[in-house]
Amino acid sequence: MPREMMFAEAIAVAITEEMQRDPNVVFYGQNMAMTDRDPFVKKFGKDRVRITPISETAELGIAIGAAMSGLRPVVELYMSEFMLVAFDEVVNEAPRLRYMSGGQVQVPVVFKAGFGFAAGWAGQHSNCIYGMMMGIPGLKVALPSNAADALGLMKSAIRDNNPVIYLHHYMLMLDKSPVPDGDHLVPFGVADVKRAGKDVTIVATAWMVKKSLLAAEMLAKEGISAEVIDPRTVAPLDVATIVESVKKTGRLVLVDQAPRHSSAAVVIAGEIADQGFKYLKAPVKMVTALDTSVPYSEPMESFVLPSEQKIVDAVKSVLAVHAAAV
Amino acid sequence: MAAQNGLGKDRLIWMYTQMCRIREFEERVKRTFVEHPGAIRGHAHLGDGAEASIVGALATRHETDLVMPSYRCHGYPLVLGTPARALMAEIYQRKDGICKGFGGSMHLSDPAHHFPTASGIIGQGIAHAAGAAYAAQVKKTGQVVYSFFGDGSSKQGAFHETLNLAAVWKLPVVFVLENNEYQAYTHVALEDANAMAGHPLSQKAKAYSIPGETVDGTDVLKVYEVVGKAAERARAGQGPSLVESKFYRFSPHGNAITVPPVPTQFQEHESIEVYGRKPEFEAAQKNDPISKFRAVLMGNGTFTEAEAKRIEDGVRQEMEEVVKFALASPLPAPEDALNYVWA
């Protein structure tokens, strides 16, 4: 019997259940666990749940060292950009140490952060920076788009023996959706077909999945059948599922909230050019943020970000190529 | 002879032997650039001059205590029991290297001998060491973690953030700031506010309300005493300390940075090469930590001249074999590069 759960609650449930299951899981960050009334402190005590100063390098570096000594730290970072002040730990320590040691150590850490906050947070707190991380061998990146995936991906992230960047989209935090009962795990590197269709393949992550599903509804009213695929993790990236879909539809629209050249879309486009070119009946179309910083004022913010209408227009443009060819 | 600083004859001889092993190992690394050009790639950083500091500190360890040094990391695993040949083979990029040729000189690792990793990025390993101490605290293992880093690292954010958090969490860690006076090529007086003011670098501990003490890092018995005190404090749950260990490194920062095919070697020390201060370098050489300890041990009757020579000959013989082993070890297969990306 599936439960309805808020996205944010699903993350908390996942961390709680994993901490109950494994005493080596610890959870810390800024502005949390401040009093004994904190629910995590109540359940797990002050050794495993801690508050930190605003010291991202120390927070992430300590997590890495602790992970090599047998703990499984989950670090609460709140906003993905806060990782940038400690980016060496993220991309040049956590994923390197196992490899450089010749496999002698492992670094099972989860760096948890919100992102993409398209609600007037302007240039420094609204970004989509997974493009900077998804190409680092040894580093996994999860981008859930609903409560079930938020829960299942967090559980998988905590159990994974590799460093994982777990990014939850701020615009999804209050969305409710069904979550399966029991120990629900979502495997990494397995895309999910969120809506089946036959005319066009739309690939999107996180908030863009929601927008793509809305766009698919609009298209359905016009008799266009769109398949919506959510990779769920962009590292590892399930290219095979996208290729299979393109084999069927012959058309691909990639939707991504990041600016074009730092998007996951640009990587997927490259993979499809390499592995799926012969199936394409039209050029791949990318619907990404425009190449600006995120502006503060609402009309400008909306203008630069992908929207349902932009997705609909892109789908129609790739279908028009086919019509012309026929 | 009477025991010295509570250390018996066997332990003192062990300490002397380890100091000689570090020196000879580093000498062999340095000679490799001349005798076997190309055997060592990239950058190698030597710890000659640091022998008393390394051995004095590590002699205070309990059996399971962890050690996390900087990228200047050859000496510590030698003392911890990592086979020297596996270290040399790693530096020679061989399959039998301790990291199977994946890490090299700057990124040695031997968790089986309580040495998890070294980071090649200055100062970042300080946070990793505190993390190991956090794990020891949560898991109640009783371990103390020894974090070694240079004077240059003490200007990194990682140093300051970690010392603060380690103090807040009372982590069982000893921070050993190895002040060899040169941050890569830059003299400490040009880049450290404490040094410019004529103050010891151990003063940085005051900012985090933890003990900070400066020790003569060329005197192995003094290092043993001061680091031992810090380790016992950590073990007693009273939190971290900062020890500034002052010594001089006898080699330059690393082999010269050259672009292939130009061969690389070790040049003169920065004091001469960059600053033209030959007398400073010569004075440091006269204060060699190994010669000083040798004199102490002969003076108190721990060993005779003949016994000391036997130790030194044994070490030379060991490292001769180590170099032979490393040269004979095969290179990794190219496709081995795909291993260990994922756990």
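Please treat every number below as a calculation from the coordinates, not as lab data. Everything numeric in this text was worked out from a predicted model, so none of it was measured. Every residue, glycine among them, receives a Cβ derived from its backbone with ideal geometry; neighbour counts consider all protein chains shown.
Assorted remarks:
- In the frame of its principal axes, segment A:3-179 has Cα extents of 44, 37, 30 Å, reported largest first.
- Antiparallel bridge percentage (DSSP; both residues within chain B; nearest 5): 15
- For the listed residue pairs A:Lys42/B:Lys229; A:Lys42/B:Lys139; B:Lys9/B:Lys222, the alpha carbons are over 25 angstrom apart in A:Lys42/B:Lys229.
- Cα gyration tensor category, rounded, prolate or oblate, for segment A:97-167 with a/c compared to 1.5: oblate
- Charges were assigned to the Cβ only: +1 to each Lys and Arg, -1 to each Asp and Glu. The resulting dipole of segment A:3-179 about its Cα centre is roughly 380 debye.
- Cα→Cβ-extended label distance, 7 Å offset, between A:Ser302 and B:Thr64, nm: 6.1
- Net charge contributed by nearby residues that have their C-beta within less than 12 Å of A:Asp22 (K/R +1, D/E -1): +3
- Computed label-point distance, nm, for sites B:Thr304 and B:Ala189 using a 7 Å Cα→Cβ extension: 4.7
- For the protein assembly as shown, the Rg and Dmax computed from alpha carbons only, in angstrom: 28.5, 100
- Degrees separating the helix A:308-325 axis from the principal Cα axis of chain A, which is the longest one: 40
- A:Ala273 paired with B:Lys140, simple spin-label distance in nm, labels 7 Å along Cα-to-beta-carbon: 5.9
- Nearest-ten-degree value, helix A:39-48 long axis tilted from longest Cα axis of chain A: 60
- Förster-model FRET efficiency, 30 Å R0, A:Leu84 and B:Ile272, C-beta, rounded to 0.05: 0.15
- Highest-MSF residue in chain A out of A:Leu143, A:Leu254, A:Leu305 [GNM, Cα springs under 10 Å]: A:Leu305
- The long axis of helix A:147-159 is offset from the longest Cα principal axis of chain A by roughly 50 degrees.
- Segment A:1-91 - percent relative contact order, Cα under 8 Å, separation 6 or more: 29
- Here the Kirkwood formula puts the hydrodynamic radius of chain A at 20.3 Å, using every distinct Cα pair.
- Our helix-only sum for chain B, with -39,500 (n - 2.57) per DSSP H run of n ≥ 4 divided by its residues, gives a mean residue ellipticity at 222 nm of -13000 deg cm²/dmol.
- Antiparallel bridge percentage (DSSP; both residues within segment A:192-325; nearest 5): 20
- Taking every DSSP bridge with both residues inside the protein assembly as shown, close to 20 percent are antiparallel.
- Placing unit charges on each Cβ (+1 for Lys and Arg, -1 for Asp and Glu) gives segment A:148-243 a dipole about its Cα centre, and among A:Val209, A:Leu237, A:Gly197 the Cα reaching farthest toward its positive end belongs to A:Val209.
- Across chain B, C-alpha contacts under 8 Å between residues 6 or more apart give a mean separation that, scaled by the residue count, equals a relative contact order of 22 percent.
- Near A:Gln309: Cβ cut-off under 15 Å, other residues only, Lys/Arg at +1 and Asp/Glu at -1. The net charge is +2.
- Pairwise centroid distance, computed over Cα atoms, of segment B:289-343 with segment A:184-249, Å: 59
- Contact order relative to length of segment A:175-326, as percent, for alpha carbon pairs under 8 angstrom and 6 or more apart: 24
- Listed residue pairs exceeding 23 Å between alpha carbons, taken from A:Lys155/A:Lys211; A:Lys194/A:Lys247; B:Lys206/B:Lys292; A:Lys176/A:Lys248: A:Lys155/A:Lys211; B:Lys206/B:Lys292; A:Lys176/A:Lys248
- Between segment A:1-78 and segment A:294-309, the Cα center-to-center distance that results, in Å: 34
- Note on B:335-342: average number of Cβ atoms from other chains within 10 Å of each residue's Cβ is 5.
- Cα shape, segment B:228-343, gyration tensor, a/c 1.5 rule: rounded
- Taking every residue in A:79-91 and counting other chain Cβ atoms within 10 Å of its Cβ, the average works out to 2.
- Above 24 Å, the calculated P(r) of segment A:192-325 contains 22 percent of its Cα-Cα pairs.
- C-alpha center-to-center spacing [segment B:1-67, segment B:251-279] in angstrom: 22
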